[in-house]
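Reviewing the structure listed below.
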Amino acid sequence: MGQKHTSLILIRGARQVLTLRGPNEPRRGRGLSELNIIHDGSLLVRDGVLLEVGPTRRIENLALAQKAVEVSAVGRVVMPGFVDSHTHLLFPPAGSFSTEIAAGARAIRTITGMRLETRARICVEAMARHGTTTVEVKTGSGADRSSEMKILRVLAALQKNPLDVVASFLLRLPQMEAGDWVWSEFLPKIRRRRLAAFADLVWEEPGGRAVEYWRAAKSLGMPCKLHADGIAPGAAIAAAIESGAVSIDHLENATAQDIELLGRSGTIATLLPCASFHSDARYAPARAIIEAGAPVALATNFNPHHTPTLNMQAVINLACLRMEMTPAEAIAAATINGAHALGCAAKLGSLEPGKLADLLILNISDYRELAHHFGTNLVHSTMKRGEFIYEEGLVAPRPARDLRPAW
């Protein structure tokens, strides 16, 4: 037999392959439950892209499969990597124990970009170990243009090492009301330099400036997002939908009228159960939102202090235990719909030929187990663009001769 090609990888014999194959649009209603599972499935990866996905008997008999390096997934579940579509990775920065926005902003101004990147990379690598392959990160803790630019440069440095990092510029009104510099100067600059993909907004009080901000962002080709975590978010939700927002996030206090409006729109409802868990607050009415026909995504809302959870498996668990979602709905919301919320579903979020090989091999034999193992990392290995960026290792004593003193 000839030499195996390392650019060709055969992931063989999974008990379940959750392909999430389907239409090129956010999943809603019954479609949110359709995982399109292949039992005893295999995948052929070439140069970081999924070449074939199907039953093991068919895939292993392909001519190219005979040349591939084989990875066993026997007895395990293979699924798309998690897409965490809402985080505050750099706010407040690690080491700043105040939850005040002003204190977080001061900390950003005083810390060096290199130190900020080092701390952020620790969290990003932990996300990879827990199965996240793409993560969105918001700014919004700088409160001035130099600090915001520092955050965006850090996020650019993190890009593809090891995860895809999608940056969103987050404007806080009224705390970050800074005149016209945001839309006349800063937005064009960061768009020109491709430092941010989305224009997000924390809008606690209705006002014309919010719509003006979205209008300016849209004119630059930056899709809009909204934090709808206020006590009465109805006006903000209506304005965001009318402005064509890609997603509206949080929604813990959404009313029946708000939910009906969401259901008639194409806007994705991104729900954050870990935020409610850590604050002991109400959970978003996921069941009502799904039944109204709105597409739902799930994300961590990770930040170092308010919501210190970066494990998307815990998000799925809470969504099932506290928000009445089924395991299938939660998985689709944490993968393909998260990808749609970030505008990258054409290349990731499902396991289909032509998409990036962003996937997980899990230490379970049925996907429904994801809803029950709270606090346990079920990831056997994480693949990003066809490369294994994490593989669980042996638990074994380390010989004293291998240890190095810290001094």
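Read-outs throughout are calculated quantities, based only on the coordinates presented, and are distinct from any laboratory measurement. Note that the coordinates shown come from a computational prediction; the quantities given were computed from them, not determined experimentally. Neighbour counts are summed over all protein chains in view; Cβ atoms, including those assigned to glycine, are modelled from backbone coordinates with ideal geometry.
When the Karplus curve 6.51 cos²θ - 1.76 cosθ + 1.60 is applied with θ = phi - 60°, which whole-Hz ³J(HN,Hα) does each residue of segment 386-392 get, with x for Gly and Pro?
Result, ordered by residue: x, 10, 6, 9, 8, 9, 5 Hz.
Under the classification rounded if a/c is under 1.5, otherwise prolate if a/b is larger than b/c and oblate if not, where does segment 113-155 fall, given a ≥ b ≥ c as square roots of the Cα gyration tensor eigenvalues?
In terms of gyration-tensor shape, prolate.
Taking H placed 1.01 Å from N in the peptide plane, check which residues at least 5 places from GLU70 or on another chain put their amide H under 5 Å from its amide H.
Those lying under 5 Å, H to H, from GLU70 are LEU10.
Which of rounded, prolate or oblate describes the chain when judged by the alpha-carbon gyration tensor and an a/c cut-off of 1.5?
prolate
When a/c reaches 1.5 or more, the comparison of a/b and b/c decides; with that in mind, is segment 123-260 rounded, prolate or oblate per its Cα gyration tensor?
oblate
Starting from the Cα of ARG115, step 7 Å along the direction of its Cβ; do the same at ASN363; then give the gap between the two resulting points in nm.
Once both label points are built, they end up 3.7 nm from each other.
Using amide H atoms built 1.01 Å from N in the peptide plane, name the residues 5+ places from LEU89, or on other chains, whose amide H lies under 5 Å from its own.
Long-range HN contacts for LEU89: LYS138.
If you build a Gaussian network model of the chain, linking Cα atoms that sit under 10 Å apart, which residue out of HIS373, HIS305, HIS340 swings the most?
Maximum fluctuation in the GNM of the chain, among the listed residues, is at HIS373.
Using a Gaussian network model on the chain with a 10 Å cutoff between Cα atoms, which of ALA217, ALA238, ALA334 fluctuates the most?
Residue with maximal mean-square fluctuation among ALA217, ALA238, ALA334: ALA238.
In percent, how large is the relative contact order of the chain, given Cα pairs closer than 8 Å and 6 or more residues apart?
Numbers: 924 pairs, mean separation 86.3, N = 407.
Relative contact order for the chain comes out at 21 percent.
Over the chain, how many pairs of lysines fall under 12 Å by alpha carbon, counting only those 8 or more apart in sequence or from different chains?
Close lysine pairs found across the chain: 5.
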